[in-house]
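**Q** Structure in structure tokens, see below.
The values are calculated or read from the model by the stated rules, or taken from the named source; none is laboratory data. This structure is a prediction, so every number in the text was calculated from the model and none was measured. All Cβ positions, even for glycine, are placed from backbone atoms using ideal geometry, and neighbour counts span all protein chains on display. Accessible surface is based on the protein model in full, side chains and every heavy atom, while ligands, DNA and RNA are left aside. Shrake-Rupley method; radii C 1.70, N 1.55, O 1.52, S 1.80 Å.
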Amino acid sequence: QVQLVESGGGLVQPGGSLRLSCAASGSIFSIYDMGWYRQAPGKQRELVASITRGGTTNYVDDVKGRFTISRDNAKNTVYLQMNSLKSEDTAVYYCNMFIDALNYWGQGTQVTVSS
């Protein structure tokens, strides 16, 4: 049984920073793409950033230059460093991993940007 466990969400003021982590555990042979999604109240879940096993990254336009996705393949972990946070970044953030031909989601972590 594979599980993804997220950490690092919370309340931060505009302009602040947070770092999200997501670690996969269980019977894992290989992890391909990893990504972070977010879902704000009343909106659809959207892809924020993704990273391939080889390290190629992709970002949604409104986080480019502010967010950085990275991964540690030895630890089966993906990170999202979020800087210069804005109120519109407020959402539940979910990690996603493609592991051994199956798609897995984390439980979600709340990020609230407010003064």
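**Q** Return a yes/no flag: does the stretch 38-54 have any residue that is surrounded by 15 or more Cβ atoms within 10 Å (Cβ to Cβ), without any contact (Cβ under 8 Å) to a residue 60 or more places away in the chain, small (Gly, Ala, Ser) and in contact with a helix residue (DSSP H, G or I) (Cβ under 9 Å, 6 or more places away or on another chain).
**A** Yes.
**Q** Here's a follow-up. Check Leu20, Leu11 and return the single one that is part of a strand (DSSP E or B) and either under 11 Å from the mean Cα position of the chain (by Cα) or modelled with pLDDT under 95 (or both).
**A** Result of the check over Leu20, Leu11: Leu20.
**Q** Moving on to the next point. Could you tell me whether any residue of the stretch 71-91 is part of a strand (DSSP E or B), exposed (fewer than 14 other Cβ atoms within 10 Å of the Cβ) and of a type outside the set (D, E, K, R)?
**A** For the stretch 71-91, residues part of a strand (DSSP E or B), exposed (fewer than 14 other Cβ atoms within 10 Å of the Cβ) and of a type outside the set (D, E, K, R): absent.
**Q** Report, by residue number, each residue of the stretch 28-54 that is part of a loop (DSSP other than H, G, I, E, B) and either modelled with pLDDT under 95 or more than 15 Å from the chain's Cα centre (by Cα) (or both).
**A** Selection gives Ile28, Phe29, Ser30, Pro41, Gly42, Lys43, Gln44, Arg53, Gly54.
**Q** Run Gly65 past the list (1) within 14 Å of Met34 (Cβ to Cβ); (2) outside any strand (DSSP E or B) and report the number of the one that doesn't hold.
**A** Going through the list (1) within 14 Å of Met34 (Cβ to Cβ); (2) outside any strand (DSSP E or B), Gly65 breaks only (1).
**Q** Next question. Could you tell me whether any residue of the stretch 10-17 is open to solvent by 60 Å² or more (accessible area, probe 1.4 Å) and not polar (S, T, N, Q)?
**A** Yes - at least one qualifying residue is present in the stretch 10-17.
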